[in-house]
Amino acid sequence: MTEHAYTTADLLTEAARQHKAATEDPSFSGIGEQMEGHKIPSRGGFQWDQLDDDDFDKAQRAIDDLLGKAADVSRWAVELGDDGLEPEDHQFTLNAGPTPIIRVHFGFAPGLGDEARAAFVEGLGAAAAREMRLALEENPEPTIGSEAAAHVLFQERLGGWHASTFVAKLLDLWTSADTAHAEHLADAFPEYAAAIALVKKGQPGIEQLRAIADRI
């Protein structure tokens with residue numbers, strides 16, 4: 001039997017829920033009111049409400065859009081505060097081409113100096129990048145040939161050309177396979193797995209696959 005009718009985890013969960021609710025769906029007019037009297041960081045002492053009406057409206061709408069897309073980090077915020085840690089601007093990001101796939105933000109104890117913070121972030125970032133590079137070297141991305149690209153495009157009715165009977169049946173089987181069987185097929189036919197993965201990325205992946213298929 002616990003001393004209270006609730007746990008510390010219950011308190012953290014409820015605090016996070018209320019933190020999230022307090023930041024959700026701000027009124028559009030309220031965003032404009034919050035901007036008034038505040039400086040634009042890149043323009044010294046120049047304030048948002050000193051913009052002309054058109055620029056102010058565009059900025060207000062852009063901020064509204066950013067708030068709508070903001071990630072829910074309420075639980076992190078509550079737990080950082082409960083642990084007495086300070087969030088700060090230090091971060092590192094791992095990209096896949098131009099797209100970020102991992103971003104790590106940090107919270108530090110107040111007594112930890114700037115030099116120690118920077119050294120920790122740089123060291124962790126370097127270690128993560130090294131491990132990612134080694135993993136990619138051990139498991140290189142399979143090269144997609146023009147025929148595999150064309151076969152998958154044809155299977156998805158996106159162009160390309162018809163495959164042999166075996167490959168056509170293989171791709172038909174792939175479309176109905178559950179996750180476990182699809183993984184086995186991917187291990188056995190990595191080139192086709194890579195082509196299918198491009199299709200699943202949507203239009204950019206499809207265009208990339210079409211460009212590969214045209215290399216004949």
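The values are calculated or read from the model by the stated rules, or taken from the named source; none is laboratory data. Since we're looking at a predicted model, the values are computed, not measured. When we count neighbours, we look across all protein chains shown, and the Cβ atoms used for this are built from the backbone with ideal geometry, even at glycine. Ligands, DNA and RNA are stripped out before the accessible areas are found, and what is left, the full protein with its side chains, is counted by its heavy atoms. Shrake-Rupley method; radii C 1.70, N 1.55, O 1.52, S 1.80 Å.
Simple spin-label estimate for ALA126 and LYS69 gives 3.4 nm between the two label positions (7 Å along the Cα-to-Cβ direction from each Cα). What residues of segment 2-30 lie in the reach of a label at TRP76, counting those whose backbone N is under 19 Å from a point 7 Å from the Cα along Cα→Cβ? Inside the label zone: 12-25. Charge tally for PHE120 (other residues, Cβ to Cβ under 13 Å; Lys, Arg +1; Asp, Glu -1): -3.
The H on the amide N of LEU85, modeled in the peptide plane, is under 5 Å from the matching H of no residue at least 5 residues off or on a different chain. Summed over the residues of the chain and divided among them, the accessible surface reaches 71 Å² per residue at a probe radius of 1.4 Å. The alpha carbon centroids of segment 51-80 and segment 1-48 are separated by 11 Å.
Distance between the 7 Å Cα→Cβ label points at ARG210 and SER146: 1.7 nm. Partner aspartates and glutamates whose Cα lies under 14 Å from the Cα of LYS201, excluding those fewer than 8 positions away in the same chain, are identified as GLU156. Stretched out straight at 0.36 nm per residue, the stretch from ARG157 to ASP57 would grow longer than its current Cα-Cα span by 31.6 nm. When a 1.4 Å probe is rolled over the protein heavy atoms, the share of accessible surface on the chain that falls to carbon and sulfur comes to 54 percent.
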